[in-house]
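Trainee: First the structure, which I've put down as structure tokens, then a few questions once you've had a look.
The values are calculated or read from the model by the stated rules, or taken from the named source; none is laboratory data. None of these values were measured; they are calculated from a predicted model. Please note: Cβ atoms are built from the backbone with ideal geometry, for glycine as well, and neighbour counts cover all protein chains shown. Just so you know, the surface numbers come from the protein's heavy atoms only, side chains and all, with ligands and any DNA or RNA stripped out. Shrake-Rupley method; radii C 1.70, N 1.55, O 1.52, S 1.80 Å.
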Amino acid sequence: MIPPLEGLSVVEGTAFVAAPSGGMTLGQLGADVIRFDQIGGGIDYGRWPLTEDGESIYWAGLNKGKRSIAVDMRSDRAKEILTALIADAGTFLTNFPAKGWMSHDVLSQHRDDLISLNITGNRDGSTALDYTVNSAIGYPLVTGPVGSSDPVNHVLPAWDLICGQTAAIGILAADRRRILHGEGAHMSLALSDVALVAVSALGHVAEAQINGTERQRFGNDLYGAYGTTFTCADGTSIYAVGISPKQWSGLLEATDATIAIASLEADLGSNFGDEGERFLHREAVTARIAPWIAEHTIDQVAQRFDTHGVCWGRYQTFTELVESDPRCSTESELFRDVEQPGIGTYLTPGSPVAFGGMLPVEPTCAPRLGEHTEQILSETLGLSAVEIGFLHDDGVVASA
């Protein structure tokens, strides 16, 4: 099939998670994304996790499907080259300081319908990272065991990932406007704003302002509905949820708890058809569901839960995910075994958006640093072999 974003070109100058993940999202849907880096690699080129040979698995994971050009970013000639590339592509994504030659005002002098998106930490341009944003947004103080008072930061950089997806959507929105009206766009996106929008959408802002209440810690219990952790007879931990009526009835039937829960409802004068009531009485509910799970192995629980349509999941490590979960294998259409130069062959996903049941672009590896330098200079900018040779000799550019 024709990749959905074929024809869209993006130049990316980025580091860390948010901006590179946004560019990769576009690339995985077929856009031509050219990433530029300082010769030798930027601030995140050697970030953990690393292979035994010091290759960054992290960097490779966030730059799949892109092309790479390596330049001396302190060189005026390199800045001219990058300016020409951005003008040719017409779309620029960065989280570097958008000043001087990298500012929209300067770049748009070379293309008046230029689209540029600059990701910042805070809206005023000051520095922030996922973990510093998260510390101020409220979640670390409602995450963790009941009764604990210490903040618990989530290890998933959620705000970075959401910010990257928001950046990709912003670029697509601006590109649509350019197609329809011929206009460029100068966009900025603050990581902290992304978090504030999300925390508001989930009701936390209004809860504090309107209700005047402070969210408590509930451990692994699902707030406002029913869901919690259970342990099987063989020690395997699982999470089971009963939100919709079907999920709730299926959970009770699977654990032989229907009669016991009905009796509990009668004793409490409650109606567990209301998910809020299930939450309020969650400890008593769990006490009637947990025994059946505790008496059966994970295989027995899985078979019973699947038969009754229970919404559940198994706790597992990253290693267990890779070694035993068919969703993270070549049995899944999402993953392919892809050889990453310098690292080896490992499971690599493409875009999760399926068109007509098919993934639009085959998963590919990340480029070696500067792998496409000569190709980009020659094919995109039309430089001759002699000109490219002089640029190498002068240390303006480098190839893999």
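Trainee: Amide H to amide H, which residues 5 or more places from Arg35 or on other chains are under 5 Å from it, using H placed in the peptide plane?
Mentor: Glu12, Arg67, Ser68, Ile69
Trainee: Any chance you could tell me what percent of the C-alpha pair distances in region 280-340 go past 14 Å?
Mentor: So the portion of pairs separated by more than 14 Å is 71 percent.
Trainee: What is the antiparallel percent of DSSP beta bridges lying wholly in the chain, to the nearest 5?
Mentor: 50
Trainee: Once you put a point 7 Å from the Cα of Ser237 and another 7 Å from the Cα of Leu180, both along the Cβ direction, what distance in nm separates them?
Mentor: 4.8
Trainee: To continue, here is another question. Quick one: work out the % antiparallel among DSSP beta bridges in region 1-136, nearest 5. Write out the running numbers ahead of the final one.
Mentor: Numbers: 1 of 17 bridges.
Roughly 5 percent of the DSSP beta bridges within region 1-136 come out antiparallel.
Trainee: Once fully extended, how much extra length lies between Glu387 and Tyr131, figured as 0.36 nm per residue of separation less the alpha-carbon to alpha-carbon distance?
Mentor: On the way: separation 256, 0.36 × 256 = 92.16 nm, distance 4.48 nm.
Difference between extended and current length: 87.7 nm.
Trainee: How long are the semi-axes of the ellipsoid equivalent to region 26-73, from square roots of 5 times the Cα gyration tensor eigenvalues, in whole Å, largest first?
Mentor: Equivalent ellipsoid semi-axes, largest first: 20, 16, 7 Å.
Trainee: Right, another one. Counting only helical runs of four or more DSSP H residues, what would the 222 nm mean residue ellipticity of the chain come to if each run contributes -39,500 (n - 2.57) and the total is spread over all its residues? Let's see the in-between values first.
Mentor: On the way: 14 runs with 143 residues, N = 400.
Result for the chain: -10500 deg cm²/dmol, rounded to the nearest 500.
Trainee: Something else about it: With a 1.4 Å probe and all protein chains in place, put Glu6, Glu331, Glu275 in order of accessible area, largest first.
Mentor: Glu331, Glu6, Glu275
Trainee: Once amide H atoms are built 1.01 Å from N in the peptide plane, which residues 5 or more positions from Arg215, or in another chain, come under 5 Å H to H?
Mentor: none
Trainee: A further question follows. Apply the a/c threshold of 1.5 to the C-alpha gyration tensor of region 186-318 and tell me whether it is rounded, prolate or oblate.
Mentor: oblate
Trainee: Taking 2.2 N^0.38 Å as the expected size of a compact globular protein, what ratio does the Cα radius of gyration of the chain give against it, to two decimals? Intermediate results must be reported in sequence, preceding the final value.
Mentor: Details: Rg = 25.6 Å, N = 400, 2.2 N^0.38 = 21.4 Å.
Taking N as the residue count of the chain, the ratio is 1.20.
Trainee: Quick one: 3J(HN,Hα) in Hz for region 108-123, Karplus 6.51/-1.76/1.60 with θ = phi - 60°, rounded, Gly and Pro as x.
Mentor: Coupling constants for region 108-123: 5, 5, 9, 7, 6, 9, 5, 10, 10, 10, 10, 8, 10, x, 10, 4 Hz.
Trainee: Right, something else. Label-point separation (nm) for Thr317 and Ala158, each offset 7 Å from Cα along Cα-to-Cβ?
Mentor: Spacing of the two 7 Å Cα→Cβ label points: 2.5 nm.
Trainee: Here's a follow-up. Want the number for Ser149 to Thr364: 0.36 nm per residue separation, take away the alpha-carbon distance, what's left?
Mentor: Numbers: separation 215, 0.36 × 215 = 77.40 nm, distance 4.45 nm.
Difference between extended and current length: 72.9 nm.
Trainee: Hey, another quick one. If the cut-off is a Cα-Cα distance under 28 Å, which lysines reach Lys79, setting aside same-chain residues fewer than 8 apart in sequence?
Mentor: Lys64, Lys66, Lys99
Trainee: Pulled fully out, how much extra length does the chain show between Arg74 and Phe96, if you take 0.36 nm times their separation in residues and subtract their Cα-Cα distance?
Mentor: Using 0.36 nm per residue and subtracting the Cα-Cα distance, I get 6.5 nm.
Trainee: So what is the relative contact order of the chain, in percent, for Cα pairs below 8 Å that sit 6 or more residues apart? Write out the running numbers ahead of the final one.
Mentor: Working: 681 pairs, mean separation 76.5, N = 400.
Relative contact order, the chain: 19 percent.
Trainee: Straight-line reach from Lys246: which aspartates and glutamates have a Cα under 17 Å away, not including same-chain ones fewer than 8 places off?
Mentor: Leaving aside aspartates and glutamates fewer than 8 places away in the same chain, those within reach of Lys246 are Asp256, Asp274, Glu275, Glu277, Asp306.
Trainee: Which whole-Hz couplings ³J(HN,Hα) result when phi for each residue of region 32-43 is put into the Karplus expression 6.51 cos²θ - 1.76 cosθ + 1.60, θ = phi - 60°, listed in order with x for Gly and Pro?
Mentor: 8, 10, 9, 9, 10, 9, 4, 4, x, x, x, 5
Trainee: Within the chain, which complete DSSP H helices have Cα atoms spanning at least 30 Å along the helix axis and a mean Kyte-Doolittle hydropathy of 0.0 or higher?
Mentor: On the way: long enough: 158-181 (34 Å, 0.47).
Counting only whole DSSP H runs, the qualifying helices are 158-181.
Trainee: Output ³J(HN,Hα) for region 359-364: one whole-Hz value per residue in order, computed from phi by the Karplus curve 6.51 cos²θ - 1.76 cosθ + 1.60 with θ = phi - 60°, and x for Gly and Pro.
Mentor: The phi angles translate into 6, x, 9, 5, x, 9 Hz.
Trainee: Also: Return the Cα extents of region 146-224 along principal axes one, two and three, sorted largest first, each rounded to a whole Å.
Mentor: Each principal axis gives a Cα extent; for region 146-224 these are 57, 30, 19 Å.
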